[in-house]
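Participant: This is the structure, below, for whatever I ask next.
The values are calculated or read from the model by the stated rules, or taken from the named source; none is laboratory data. The structure presented is a predicted model; accordingly, all values stated were derived computationally and were not measured. Here the Cβ is made from the backbone with ideal geometry for all residues, glycine too, and neighbour counts use every protein chain on show. Only protein heavy atoms, including side chains, enter the accessible area calculation; ligands, DNA and RNA are left aside. Shrake-Rupley method; radii C 1.70, N 1.55, O 1.52, S 1.80 Å.
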Amino acid sequence: MSGVSIDLNADLGEGFGRWTLTDDERLLSVVTSANVACGFHAGDAVTMRRVCALAAERGVRIGAQVSYRDLAGFGRRAMDVPSEELAAEVAYQIGALEVFARAAGSRVAYVKPHGALYNRVVRDAEQAAAVVDGVLLAGGGLPVLGLPGSRLHEAAERAGLPVVAEAFGDRAYRADGSLLPRGREGAVVHDPDAVVERSVALVRAGTVTAHCGTAVPVRARSLCLHGDTPGAVELARRVRAGLESAGVTVGAFA
């Protein structure tokens with residue numbers, strides 16, 4: 001199989017004030033798209049501005065990583081937010097990041113939910129529609145990055161927004177193609193060799209071995225490399241090198 005290409009994205013800017021989590025500068029030398037925290041689960045104005053400037057400098061696409069308003073829980077706690085409120089908060093986050101992206105000579109190129117919101121909109125049609133409403137409220141036809149077959153993508157397609165399917169080399173899958181919840185044992189794959197192998201299989205063969213051992217078809221245009229795991233930069237480099245060695249072209253989707 002030839003002509004295979006993939007975007008590599010990572011969650012960046014996930015610090016707050018004096019606290020830092022992701023090695024933004026070094027990860028931006030590996031990835032092609034940056035999901036920048038917009039202040040609701042992590043990130044602040046100074047961090048957003050810095051990451052946008054670094055991304056623009058390196059030609060990395062800037063994406064708004066929107067989330068529930070949950071700094072204390074890093075956006076990973078389940079929350080019930082009314083649809084109108086969620087739509088407004090999604091638009092608010094996109095708009096805030098757009099200011100810094102434009103100041104850096106770039107723009108917000110796509111939107112990706114984070115954490116609990118990401119998982120919620122896989123199955124919850126109402127919350128998915130609210131996220132899409134927020135994207136529309138922010139203006140423009142921004143692509144929506146998310147899990148293939150999700151309610152989020154269904155809502156985005158109905159609204160005429162481009163959708164981009166995402167896969168994870170370091171997360172365990174269930175047989176239905178959804179991610180194994182982080183609270184479950186084995187939800188995160190820590191062995192670097194296994195992550196590289198799974199990443200190459202996802203891109204070249206379009207399959208991943210689920211937690212239960214069955215092969216799951218996953219067709220994705222972007223592969224997520226988590227930036228908040230130990231050794232994240234070296235792992236990201238190994239994944240990119242493994243993909244390129246397998247004949248995969250790495251390039252941004254947006």
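Participant: Quick one: which of 61-71, 226-236 comes out on top by average Cβ neighbours within 10 Å, and what's the full order, highest first? Walk me through the numbers on the way to the answer.
Facilitator: Numbers: 61-71: 24.7, 226-236: 16.7.
With the highest mean Cβ count within 10 Å placed first, the list reads 61-71, 226-236.
Participant: Let me ask something else. I'd like to compare 117-125, 176-184: which one has the highest average count of other Cβ atoms within 10 Å, and what's the full order after that? Walk me through the numbers before you get to the answer.
Facilitator: On the way: 117-125: 20.7, 176-184: 13.3.
Order by mean packing, descending: 117-125, 176-184.
Participant: Which percent of the accessible area of segment 1-99 is formed by carbon and sulfur heavy atoms (probe 1.4 angstrom)?
Facilitator: Carbon-and-sulfur percentage of accessible area, whole number: 53.
Participant: How many angstrom lie between the C-alpha centres of segment 124-184 and segment 42-69?
Facilitator: Distance between centres, Cα-based: 20 Å.
Participant: Another one. If segment 178-254 were replaced by its equivalent ellipsoid, with semi-axes equal to the square roots of 5 times the Cα gyration tensor eigenvalues, what would those be, largest first, whole Å?
Facilitator: So the three semi-axes of segment 178-254 are 20, 16, 12 Å.
Participant: Now for a separate question. I'd like to check one number: the per residue accessible area of the chain, probe 1.4 Å, reported in Å² as a whole number. Before the final figure, lay out the partial values.
Facilitator: Details: 10870 Å² over 254 residues.
That works out to 43 Å² for each residue.
Participant: On to the next question. Treating the beta-carbon of each Lys and Arg as +1 and of each Asp and Glu as -1, no other charges, what is the dipole magnitude of segment 173-229 about its Cα centre, to the nearest 20 debye?
Facilitator: Using Cβ point charges on Lys, Arg, Asp and Glu, segment 173-229 gives about 280 debye.
Participant: What base-10 log of the normalised intensity I(q)/I(0) is obtained for segment 51-114 from the Debye formula, alpha carbons as equal point scatterers, at q = 0.18, 0.22, 0.23 Å⁻¹?
Facilitator: For segment 51-114 at q = 0.18, 0.22, 0.23 Å⁻¹, log10 I(q)/I(0) is -0.68, -0.89, -0.93.
Participant: Now, a different point. Which value, in debye to the nearest 20, gives the size of the charge dipole of segment 67-124 about its Cα centre, when Lys and Arg are +1 and Asp and Glu are -1 at the Cβ? Walk me through the numbers on the way to the answer.
Facilitator: On the way: 8 positive and 7 negative charges, 62 e Å.
Result for segment 67-124 is approximately 300 debye, rounded to the nearest 20.
Participant: For segment 1-152, max minus min Cα coordinate along each principal axis, in Å, sorted largest first?
Facilitator: 47, 38, 26
Participant: Please compute one quarter of the surface area of the Cα convex hull for segment 94-176 and express it in square nanometres.
Facilitator: 6.0 nm²
Participant: Report the charge-dipole magnitude of the chain in Debye, nearest 20, computed about the Cα centre from +1 at each Lys and Arg Cβ and -1 at each Asp and Glu Cβ.
Facilitator: Numbers: 27 positive and 29 negative charges, 73 e Å.
With Lys and Arg at +1 and Asp and Glu at -1, about 360 debye.
Participant: Given a 1.4 angstrom probe, I'd like the percentage of the accessible area of segment 101-254 that is carbon and sulfur, rounded to a whole number.
Facilitator: Using a 1.4 Å probe with all protein chains present, segment 101-254 comes out at 50 percent carbon and sulfur.
Participant: Farthest toward the dipole's positive end in the chain, which of Thr209, Ala159, Gly139, given Cβ charges of +1 (Lys, Arg) and -1 (Asp, Glu) about the Cα centre?
Facilitator: Thr209
Participant: Kirkwood Rh, Cα Rg: Rg to Rh for segment 131-202? Please list the in-between numbers first.
Facilitator: Numbers: Rg = 15.0 Å, Rh = 13.8 Å.
Radius of gyration over Kirkwood radius for segment 131-202 works out to 1.08.
Participant: Once Lys and Arg get +1 and Asp and Glu get -1 on their Cβ, which of Leu225, Tyr173, Gly75 lies farthest toward the positive end of the dipole of the chain?
Facilitator: The residue sitting farthest along the positive end of the dipole is Leu225.
Participant: While we're looking at this one, here's another question. At 0.36 nm per residue, minus the direct Cα-Cα distance, what do His190 and Thr229 gain on full extension? Give it in nm, one decimal, please.
Facilitator: Length gained, His190 through Thr229: 13.2 nm.
Participant: What length, rounded to one decimal in nm, is gained on full extension from Arg69 through to Ala45, with 0.36 nm per residue of separation minus their alpha-carbon distance?
Facilitator: That works out to 7.1 nm of additional length.
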